[in-house]
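Only one structure is covered here, and it is reproduced in the block below.
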């Protein structure tokens, strides 16, 4: 009898039952290598012993070798079939992961910026409070002092509430002009500061976290012409 009965070799049932996996693939390849080496060793021994090529033992080795090659081909075919069947599941898994990440990002952005429209509406009220304080300071009579104190208190509370939700004022006055943060409403010649320096803020700008709500409207300096410098036009 042969040393390699067919019952010990993995057949179609072992491949179809659960499908190939990484562990099963490694074990199968090792078994095929061992069987191939054993068949080759048996053939070499028979050739060295001068056995008749038509002897039963020689024929058995040839049949086992052929069956082993067929089994190896079947095994590789099953692996290819498994990969083809597994590809849609891998694609679906990748799509689900992308969907999960998009959902998480949208949830985070909603938490950070979901109230930005409300904040934009409140900024006009903040502007009006600041105008009232500015005009009131120019006419700081005793009869309006109490009213101004109340307006200033409301102004501080509104700014404090906005700060708790990530709203900050854009730095502008004295800064170099940055089109990402500032909106130039005009230019004034000046020899006291470098060109493109913000000289005056007409309307404050605000950001919510790292997103611009509205840029600061500013007046920017420029280099004075010789005529402006000669006539004392620079400030």
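We did not get these values from a lab; they are worked out from the coordinates using the rules stated. As the structure is a computational prediction, the values presented were derived from the model and not from experiment. Note that each Cβ is placed from the backbone with ideal geometry, even for glycine, and that neighbours are counted across all protein chains shown.
Residues 208, 61, 147, arranged from fewest to most other Cβ atoms within 10 angstrom of their Cβ, appear as 147, 208, 61.
Given C-alpha coordinates of the range 168-235, what is the ratio Rg to Rh with the Kirkwood estimate of Rh? Rg/Rh: 1.08. Note on residue 102 and residue 171: with the Förster distance fixed at 41 Å, the Cβ-Cβ geometry gives a FRET efficiency of about 0.75. As a rough footprinting exposure proxy, the listed residues 121, 181 were ranked by other beta carbons within 10 Å of their own, and the order from fewest upward is 121, 181.
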